[in-house]
1. Please report the spacing between the Cα centers of segment B:130-201 and segment B:61-119 in Å, no decimals.
2. Given H placed on each backbone N at 1.01 Å, which residues far from B:T96 in sequence or on other chains put an amide H within less than 5 Å of it?
3. Non-local amide H neighbours of B:V175 (under 5 Å, H modeled in plane, Pro and chain starts lacking H): which ones?
4. At q = 0.05, 0.06, 0.07, 0.08 Å⁻¹, what log₁₀ I(q)/I(0) does the protein assembly as shown have when each alpha carbon counts as one equal point scatterer in the Debye sum?
5. Where the centre of each part is set by its Cα atoms, how far does segment B:309-363 sit from segment A:81-115, in angstrom?
6. Say each of B:K13 and B:D258 gets a label point 7 Å from the Cα, pointing the same way as Cα to Cβ; how far apart are those two points in nm?
7. Under a 5 Å amide H to amide H cut-off, with H placed in plane at 1.01 Å, what residues pair with B:K144 once short-range neighbours are removed?
8. Averaged over all directions, how much area does the convex hull of the C-alpha atoms of chain B cover when projected, in nm²?
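Read-outs: derived from the displayed coordinates by stated rules, not from any lab. Remember, predicted model here, so these are calculated numbers, not experimental data. Note that each Cβ is placed from the backbone with ideal geometry, even for glycine, and that neighbours are counted across all protein chains shown.
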Amino acid sequence: MTEIIDRNYAGEGIYRENIIDHYTHPRNFGKLEKFDVQHREFNPLCGDETTIEIKVENNIIKDIKFHGKGCAISMAAASMLLSELKGKPIENIKNISKEHVFDLLSISISPVRVKCALLCLETVRTAVKIYEGGIVEKVDKKVYM
Amino acid sequence: MEISLTKQFNVEKIRKDFPILARTVNNKPLIYFDNSATTQKPKIVIETLNKFFETHNANIHRGIHKLAEESTLLYEEAHKKVSDFINAEFEEVIFTKNTTESLNLLAYSLFNNLKENDEIIVSQMEHHSNFVPWQQLAKSKNFKLNFVKIDKEGNLDLDHLKQLLNKKTKIVSLVHISNVLGTINPVKEIAKIVHENNSLLIVDAAQSVPHMKIDVKDLDVDFLAFSGHKIYGPTGIGVLYGKKHLLKNMAPFLYGGDMIREVTFEYTNFNQLPWKFEAGTPQIAEAVALGSAIDYLNEIGPERIEEYEKYLTNYLYKKLSEQKDVKIYGSKNRSSLISFNISDLHPHDVASILDSEGIAIRAGHMCAMPLVREVLKEPAVCRVSLSFYNTKEEIDKFILALDKVRRTFKK
């Protein structure tokens, strides 16, 4: 059996001041009046859901917003990541690594919270694929049916 | 009342039977409040598993050597213990992997007896295990699936059930105790209603068998399913009860070894009950250990367990309802679990901070997404589910820890 060491990686350690700040005052939160692509992702494990809308001009992210419901980790991650993306080439999204999101959060993410932290990254990545016509958005968004 | 009950029910002595309760989590004593997901195991169950592998291990129902004889005897004795525990006949109890497999066995076997456009009824408060199998079969075989509504209090709307029942209704499959709301459904009354319509009643008893005395004859249900790991036994062993005359006329779910009497190149005669439904080498050690769990529960007494857990739940309910920012889901008619949310905080955050205090609760949709999302209109909930090894002091610590949750989020 793998020896599991009881270390305090979860719990209050992850709820640092800046996480709580981004959670309670998320940046780029809301809806865009006009957008070029919209995508919703759902994390069935915890019920987190996020929708991201992107306005693109000359392959540059002109505006980007997210809305939905989520835990502090998923909301803070979205808030931090989107702040970075505005004004950058849409191409850039493809090169964002998971580690980059963890770095933005700068807390140690326990295995059970990884999905929370990466929900926004998955959503923007898929949004770019849809924008480029690589995949067709599923019609039935009710993944639980 | 409180004092006499505490004296009568020696929880400190009981806690010593569960080795895991002595450990710490995040340097705090473990407070295990996730008993609806799975219960912890008493020493006797762990020792039985060990002892089986150390001294008796062999395959059952074949081989004439001593070990095979011993393991067969022990396995069948476990069958007998489970049958007696729920007041069923020996032939009426089938061992499966868990409640989910028991319900799938029923769905796959019973659909042979259904015709196109027949109807099946479940409720809005089902766990996915008593919902998805029927939903998928209904889709592929053109059966109609109806849902009994629940009222604002979280109780099953029996008038709605009566309205839904008709000549085409062949199966009604309902949960006994909701794993989200804690609602205790009046199964005996429901059985009468369902049988008057000549339909079959299946009961998902995963959350009721751990907390109350179950007598299948008294309830008069046709089928009943539960899991071993939720009644202090090991994982990987579940139970399906079925009335003998019904099981006799049902097709097997899985085919293979041990479920046959005679096999030729052209035909197969199936084995007698209950083995007809137990294809392949079963979970022998786990079954034997489940037998030990039942011995342990019988020793304490299901009635005493029910009484003590009721006392604990009432205390938890009282304490939680005093918290102004806590919203409780479900009615007062409840088993030993409470689902709630605290202000607008996400249950994952609440659970993470409680974990830092050594308190294990469940956060999410509790494998009942349609209920949580479409009826309660919440993305997720927090759930505390109690066992007879929990204490009033643990509840007090949990209530105090909610303050830490509030402090973290400045609520």
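1. Cα centres, segment B:130-201 to segment B:61-119: 24 Å.
2. Excluding prolines and chain starts, which carry no amide H, the hits are B:G238, B:V239, B:L240.
3. B:S123, B:D204
4. Scattering profile of the protein assembly as shown, log10 relative to I(0): -0.25, -0.35, -0.48, -0.63.
5. Rounded to whole Å, the Cα centres lie 33 Å apart.
6. Placing both labels 7 Å along Cα→Cβ, they lie 3.8 nm apart.
7. Those lying under 5 Å, H to H, from B:K144 are B:N117, B:D118, B:E119, B:I120.
8. Over every viewing direction, the Cα hull of chain B projects on average to 21.5 nm².
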